[in-house]
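Notes follow the structure.
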Amino acid sequence: MASFVSLCFFLHLLVLPASRSCGYPAIFGFGNSLTDTGNLVFFSDGTETASRLPYGETYFGHPSGRFSDGRLVIDFIAQALRRPLVPPYLAGNSSEDFKHGANFAVAGACALGNAFFEAEGLNVTWQDYSLSTQLKWFEQLLQRSTPSLHSPQDTMSKSLFLMGEMGVNDYTHLLFDKKAKDRIRSYVPTVVHAIGSAVDSLIRKGVETVMVAGVIPLGCSAIYLTFFQTQSAEYDPRTGCLKWANELSRYHNLRLHKELNRIRKQHPHSKIFYADYYTALMPAYQSPEQFGMKEPLAACCGGEGPYNFNFSVGCGHPLSNLCSDPSSYVCWDGLHLTDAAHGIVVRHILKELQFHTK
């Protein structure tokens, strides 16, 4: 595994001195709300919840377009690499705004395009911000780049690309709208293939370093625990998480891991790192006291209910509740993570990199 993990990447993430030659001139992000630094808020002209407090209150002190109280994984990585926080693509006015990279991730984005869900009989009411759309935006940015920016070749070969967590929205639409719980596993290969195709497309364009995130433990999220409240036999006695939903996450991650191995064999000179969000977060549910977590399954910001989540009273609603210490919660608003939880994920990534580069 050490052959495809960039040692320079590891050194930079630990904020250790490294030669100028292994620095990343830019960071580019793709994904959904776990990576979006403001695209959806910009597109919605400030009507989205993430454009209002208490979103952003912990780290930024104001709404930042992120669906969290603070930083996301991509923010922690940018800071560790001593780069500016990656700006949302839709908020830029010129290519000069993206000389240090761009973030194409959009909250609500799926790995699959809307045509797939329409063919499955879903009532598609959301914009198509799928990976294929985000890749088109990236190509548009390259085409309009000015000489003051890095050359397309340098952008591809020297920059760090983050393929943020994808799949949660695909599965959530199928589960919530189509009630496809009994056959949800059958959709996993299609979702994973879409992610793999996006990674493969980037590498074929000349990208060398990609970090690809797995799915979070869906069965531990307040939105799933609320929507699928059921008999006690379906809960993990140790964590209180929904067993079947976490099994879905593990199955997705296993398939994704195999897909990335396949791509590595096709592109042996690429550096593809699998970021295991699931394994990073599970200890916080299993032994929350070790991480200073007070209520690992409840949302810090939300409505009434056993998990402080209510579909009618979301975070930021006048009737919503807000915890006094977001750092003692894994879940921010029902599905998204707190600044503290994102920090847990990044620390796990560092440990994995350290292990595999020894």
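If you count only protein heavy atoms with a 1.4 Å probe, what accessible area per residue comes out for segment 213-262, rounded to a whole Å²? Intermediate values should be presented prior to the final figure.
Numbers: 2060 Å² over 50 residues.
Averaged over the residues of segment 213-262, the accessible area is 41 Å².
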Handout entry: segment 140-271, accessible surface, carbon-and-sulfur percent (1.4 angstrom probe)
Key = 50
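Taking a ≥ b ≥ c as the square roots of the Cα gyration tensor eigenvalues, with a/c under 1.5 meaning rounded and otherwise prolate when a/b beats b/c, else oblate, which class fits segment 48-204? Let's see the in-between values first.
Details: a/c = 2.08, a/b = 1.36, b/c = 1.53.
It is oblate, given that a/c is not under 1.5 and a/b is not larger than b/c.
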Fill in the blank from the handout: Amide H contacts under 5 Å for Y274, restricted to residues at least 5 apart in sequence or on another chain and with H modeled in the peptide plane, are V212
Fill in the blank from the handout: Expressed in angstrom and rounded, the centroid-to-centroid distance over alpha carbons for segment 304-350 and segment 232-250 is 19
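If you take every DSSP beta bridge fully contained in the chain, what fraction is antiparallel? Give it as a percent rounded to 5. Please report the intermediate quantities before stating the final value.
Working: 5 of 23 bridges.
Bridges in the chain are about 20 percent antiparallel.
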Practice task
Once you have a ≥ b ≥ c as the square roots of the Cα gyration tensor eigenvalues for the chain, tell me rounded if a/c is under 1.5, and otherwise prolate or oblate according to whether a/b is larger than b/c.
Solution key: rounded
Handout entry: Accessible area per residue, Å², segment 28-138 with all protein chains present, probe 1.4 Å
Key = 37
Handout entry: D_trans [Stokes-Einstein, Kirkwood Rh over alpha-carbon pairs] for segment 231-358, 4 °C, 1.567 mPa s, µm² s⁻¹
Key = 79
Handout entry: Straight-distance crosslink candidates among aspartates and glutamates, where the alpha carbon sits under 14 Å from K294 and sequence neighbours closer than 8 are dropped
Key = D325
Practice task
Once you have the Cα-Cα distance between Q229 and T190, take 0.36 nm times their residue separation minus that, and quote the gain in nm to one decimal.
Solution key: 11.3 nm
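Per the helix-only calculation at 222 nm, which mean residue ellipticity applies to the chain, given -39500 (n - 2.57) for every DSSP H run of n ≥ 4 and division by its residues, nearest 500 deg cm²/dmol?
Details: 12 runs with 130 residues, N = 358.
Per the formula, -11000 deg cm²/dmol.
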Handout entry: Cα centroid separation - segment 60-114 against segment 261-287, whole Å
Key = 21
Handout entry: 0 to 90° range, to nearest 10: angle between helix 243-266 axis and the chain longest Cα axis
Key = 10
Practice task
Could you work out how far apart the two model spin labels at R82 and S157 are, taking each label as a point 7 Å from the Cα in the direction of the beta carbon, and quote it in nm?
Solution key: 2.4
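The values are calculated or read from the model by the stated rules, or taken from the named source; none is laboratory data. A quick note: this is a predicted structure, and the numbers were derived from the prediction, not measured. Glycine also receives a Cβ, built like all others from the backbone with ideal geometry; neighbour counts cover every protein chain displayed. Each accessible area value is taken on the protein alone, full model and side chains, heavy atoms only, with ligands, DNA and RNA left out. Shrake-Rupley method; radii C 1.70, N 1.55, O 1.52, S 1.80 Å.
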